[in-house]
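As structure tokens, the structure follows; a few thoughts come after it.
The values are calculated or read from the model by the stated rules, or taken from the named source; none is laboratory data. What you are looking at is a predicted structure, and each value in this text was computed from that prediction instead of being measured. Positions of Cβ are backbone-derived with ideal geometry, glycine not excepted, and every protein chain shown enters the neighbour counts.
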């Protein structure tokens, strides 16, 4: 009897240990949320929410500092939108080709190439962008400095490509063959079938891919920091710009006081954007599970 | 008048021969049933008639299939137009995940019809011909996957009819359905005979007797016997046919 | 059968779509070739034994990346040591213990949220919590702990997926013999999910290798040469952070190219390992 109850006690303790391990994740999310809110609020309170979010000027080190982050917000939005506009079509058509038309061997080679693209560190993207893209833009468009929103958009477009291709491919490959057979039997050619039947049938998966791309683009810091010039300008294609992410990282090393707190507030804004994107993502994932 | 003639037709999946020297003549505006145990080649044969086997890698076909007197495996044949004229209905109802209307309009749109009025007309006529109009006329814009299995299959028939085919190939169209839906489809198929030539693969011998004019019995890739359905089921010429239809194997 | 060709409009549509697919695939393929080729061609000539085996010296004006290599190894080890028990434990809780669907949903939602948070935010919170609040200063340890949070969802997910493939009958068999739950987990369930753990480790290594934003303010960018244990408590730059520093702040492009090439080769290796391991376990599971 004693042995049995001891055994049960041990089992219960182990159960408890695993429960705690499981809850670590939840704890981490809470930790991050709480820290961001607690450290992000004071500066917003001091600066004023409207002045902070909609102020057009950021001059944190001036004698009379100004903390308006509208340039960063807009740059992040434009930069992400630009990356999506360039990256999504390329990723989408590549995914359709690889999922539906490519010969098996070519598909295998391309798939590993795309995994490689996904694995390349963002500093390497940033560095290559800095060495190739930035001087290239300066020459081609004849602007004084190539470190610009355009450079960041191109780098981001390349960086979101692998996840867009992979997620879209998975969705396209999951389209039941019966749909495609029916379309072919009606006299549609394979290409017509892929774009008129398979793609609509995979649309929620493809939407998920796009949202994932948005999330990745808006959260990227290092690569963008290396090619965008980092001046707190309002966004313009050929000008040096600063994103929400790079606003945090470029001043963090030497900031203090209200300036540092304002950086935390920027991180909070970024976090809210990400949460919004996650909610959208969950919405699409749910749609996928329930079947279209 | 024979609309389809297969002569000395052989088909290989890589090295496996699935059809052996098939000779069949299918008369216009009749129902032909293809029967035989699983894996006997009846579905494979059906798919050679609209070249759906082209899509499977490693398939090799010899011999000839003529549709309206012309070889369908000749080089330069427009497969898209062939499949428009020889429609197909599959074993499992497979409506597209789109609205009822878009399902039926898919074929005509693919073949270049864009006029709203014309599409409306085609959709209604096809749905009426497939005897499903009354059930779906109020939900044309709803997703077709919300229909019952039997309704989905009739929708698929309507979708096939919308491109005005001459021939309708049906691959066990009732095997996934309940008895009531099955009898509705059988009734529909019988009524379609007036305008279309129908070739139907079936596992169900009663179904073959009920609806078909002639029956082809396949076994291990060979066509064992082909002839008038009544005669075949009452006085089969071949021992093996008799064995199968009396239920001794298969 | 008429031999009329497809109408022009259909032909144009098909042609356009084909063209778009080919162009896109060509762009994607060319990008990979260019990136890999460019980095390797520019980088490999700059990789010398001296670079790999020394530390930077201001007196001699030489640069060596040995400290960065070691820091990367230390951070990978330290992160894995902490994240493995946490992630595997959480996965075991989810698949073996949790009865309450609310808790399961909450944990899974939390994991999803974590994997969507950008690394710069991890870096910031890591700095606030580990470096300042826990008083670890800027150190490899603080960096590792930050990376632990980042990689938790990965390890959890891969382990969970492989736990799902352990047949229920194994568990039932062991329970039928009167084994307690913990014993069943140790003897039947854990050995069954080795493949998930290994895959998770490889993915995590790949991610740690490539991470920089989360480390910039938690592990810092010092280039001092340390042993494992002093290393953990002092600041240090990993290869990625060093690449950033050399390229952006010091303009040492040759060194930066060398590091980029090393990172590229390591990325290829990690991908190769992941593919091989995946193949190996697939074959093993199917037998």
Going by what's in this entry, would residue A:262 be described as over 20 Å from residue A:165 (Cα atoms), within 13 Å of chain C (Cβ to nearest Cβ) and in contact with a strand residue (DSSP E or B) (Cβ under 8 Å, 6 or more places away or on another chain)?
yes
Residues in the stretch A:112-149 that are away from chain C (no Cβ under 14 Å) and farther than 16 Å from residue A:223 by Cβ total 8
Given the conditions (1) within 10 Å of chain C (Cβ to nearest Cβ); (2) under 17 Å from the mean Cα position of the chain (by Cα); (3) crowded, with 19+ Cβ neighbours inside 10 Å, every one holds for residue A:252 apart from (2)
Out of (1) in contact with a helix residue (DSSP H, G or I) (Cβ under 7 Å, 6 or more places away or on another chain); (2) surrounded by 24 or more Cβ atoms within 10 Å (Cβ to Cβ), the one residue B:160 does not meet is (1)
Being at pLDDT below 95, more than 12 Å from every other protein chain (Cβ to nearest Cβ), under 30 Å from residue A:171 (Cα atoms) and assigned to a helix (DSSP H, G or I) narrows A:284, A:273 down to just A:284
(1) more than 10 Å from chain C (Cβ to nearest Cβ); (2) within 26 Å of the chain's Cα centre (by Cα) all hold for residue A:216 apart from (1)
From the option list A:276, A:285, A:272, single residue qualifying as surrounded by fewer than 18 Cβ atoms within 10 Å (Cβ to Cβ) and either within 30 Å of residue A:63 (Cβ to Cβ) or more than 16 Å from the chain's Cα centre (by Cα) (or both) is A:285
Taking the stretch A:164-198 and keeping residues surrounded by fewer than 21 Cβ atoms within 10 Å (Cβ to Cβ) and more than 10 Å from every other protein chain (Cβ to nearest Cβ) leaves A:166, A:170, A:173, A:174
Cβ pairs under 9 Å, 6+ apart or interchain, first in the stretch C:57-69 and assigned by TED's automatic domain parsing to the domain that holds residue C:235, second loosely packed, with under 12 Cβ neighbours inside 10 Å, ordered by first then second residue, are C:62/C:50; C:63/C:57; C:64/C:50; C:64/C:53; C:64/C:57; C:66/C:53
Those residues of the stretch A:199-208 which are more than 7 Å from chain B (Cβ to nearest Cβ) and free of Cβ contacts under 8 Å to residues at least 40 places away in the same chain amount to A:202
Residues of the stretch A:23-80 being touching a strand residue (DSSP E or B) at 6+ places or on another chain (Cβ under 7 Å) and part of a loop (DSSP other than H, G, I, E, B), in sequence order, are A:55, A:57, A:60, A:65, A:68, A:69
Residue count, the stretch B:52-85, condition in contact with a strand residue (DSSP E or B) (Cβ under 8 Å, 6 or more places away or on another chain), under 23 Å from residue B:20 (Cβ atoms) and in contact (Cβ under 8 Å) with a residue 24 or more places away in the chain, comes to 13
* modelled with pLDDT of 95 or more and under 23 Å from the mean Cα position of the chain (by Cα), is that true of residue A:152? -> yes
Counting only helices (runs of 4 or more DSSP H) entirely within the stretch B:159-250, those with at least 3 residues that are closer than 30 Å to residue A:187 by Cα are B:179-192, B:205-211
Requiring at least 3 residues that are more than 9 Å from chain A (Cβ to nearest Cβ), the helices (runs of 4 or more DSSP H) wholly within the stretch C:16-126 are C:49-53, C:66-92, C:101-116
Counting only helices (runs of 4 or more DSSP H) wholly inside the stretch A:119-237, the ones holding at least 2 residues that are in contact with a strand residue (DSSP E or B) (Cβ under 8 Å, 6 or more places away or on another chain) and over 22 Å from residue B:103 (Cα atoms) are A:149-173
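Being crowded, with 18+ Cβ neighbours inside 10 Å and touching a strand residue (DSSP E or B) at 6+ places or on another chain (Cβ under 7 Å) is the filter here, so list the residues in the stretch B:86-95 that pass it.
Within the stretch B:86-95, B:86, B:87, B:88, B:89, B:90 qualify.
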So, first residue surrounded by fewer than 17 Cβ atoms within 10 Å (Cβ to Cβ) in the stretch C:29-50, second residue assigned to a loop (DSSP other than H, G, I, E, B), Cβ within less than 9 Å, six or more apart or across chains; the pairs are C:50/C:64
Checklist entry - Any residue at all in the stretch C:157-172 that is within 30 Å of residue C:70 (Cα to Cα), outside any helix (DSSP H, G or I) and touching a helix residue (DSSP H, G or I) at 6+ places or on another chain (Cβ under 9 Å)? => result no
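This table checks each residue for (1) surrounded by fewer than 18 Cβ atoms within 10 Å (Cβ to Cβ); (2) more than 9 Å from chain A (Cβ to nearest Cβ); (3) closer than 23 Å to residue B:219 by Cα.
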residue	(1), (2), (3)
B:45	no, yes, yes
B:48	no, yes, yes
B:56	yes, yes, yes
B:69	yes, yes, no
B:77	yes, yes, no
B:84	no, no, no
B:97	no, no, no
B:101	no, yes, no
B:112	yes, yes, no
Of the candidates C:176, C:210, C:192, C:200, the one satisfying the condition of being out of contact with any strand residue (DSSP E or B) (no Cβ under 7 Å at 6 or more places or on another chain), in the same structural domain as residue C:79 (by TED's automatic domain parsing), buried (at least 22 other Cβ atoms within 10 Å of the Cβ) and under 30 Å from residue A:13 (Cβ atoms) is C:200
Scanning the stretch B:123-144 for residues that are surrounded by fewer than 17 Cβ atoms within 10 Å (Cβ to Cβ) and within 16 Å of residue B:181 (Cβ to Cβ), the one farthest from the other protein chains (Cβ to nearest Cβ) turns out to be B:134
